[in-house]
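These notes concern the structure reproduced below.
The values are calculated or read from the model by the stated rules, or taken from the named source; none is laboratory data. Since the model is a prediction, treat every value here as computed from it, not as a measurement. In this analysis, Cβ positions are derived from the backbone assuming ideal geometry, glycine residues included, and neighbour counts consider all displayed protein chains. Note: accessible area is taken over every heavy atom of the protein model, side chains too, but ligands, DNA and RNA are not part of it. Shrake-Rupley method; radii C 1.70, N 1.55, O 1.52, S 1.80 Å.
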Amino acid sequence: FIMRFELEWPEDCEDDWDAGYPVEVRLSIFETVTMDASLELANENQRFRPDLAQLLVGSLLRRSGIKAQFDEYFLDDTYREDPNDVRPNLILQQWTLDPPRPKR
């Protein structure tokens, strides 16, 4: 399904989260099976994309009571001389997570 993934967060992420502040994390997903389809649909300004990783992460966060939003970028992590020779092989998702609020 995917070649590999990386999850990155800032150093002070845990302190901010514990204090009830939103935090931002980055999820890098390398060489997904749905990359070509997602890229084509994004180029056509379609809102739905067959990105199973995003659906899974979003579902897990919602079930945990965490409000989440994300921005998605298609990147090519290989340098090429020709700037028009772009071959995205990585989806970078920048997630903003709001901690669950205590129930009153």
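The simple Förster model, with R0 at 35 Å and r as the Cβ-Cβ distance, assigns K67 and R87 a FRET efficiency of 0.55.
From the protein chains alone at 1.4 Å, what is the descending order of accessible area for I2, I29, largest first? Walk me through the numbers before you get to the answer.
Numbers: I2 60, I29 5 Å².
So, going from the largest accessible area down, we get I2, I29.
Here's the picture: charge each Lys and Arg Cβ at +1 and each Asp and Glu Cβ at -1 in the chain, and of V25, P100, F1 the one pushed furthest to the positive end of that dipole is P100.
Charges were assigned to the Cβ only: +1 to each Lys and Arg, -1 to each Asp and Glu. The resulting dipole of the chain about its Cα centre is roughly 900 debye. Once the Cα-Cα distance is subtracted from the 0.36 nm per residue extended length, the T78 to E40 segment shows a gain of 11.7 nm.
Convex hull volume per residue, computed on the Cα atoms of the chain, equals 123 Å³.
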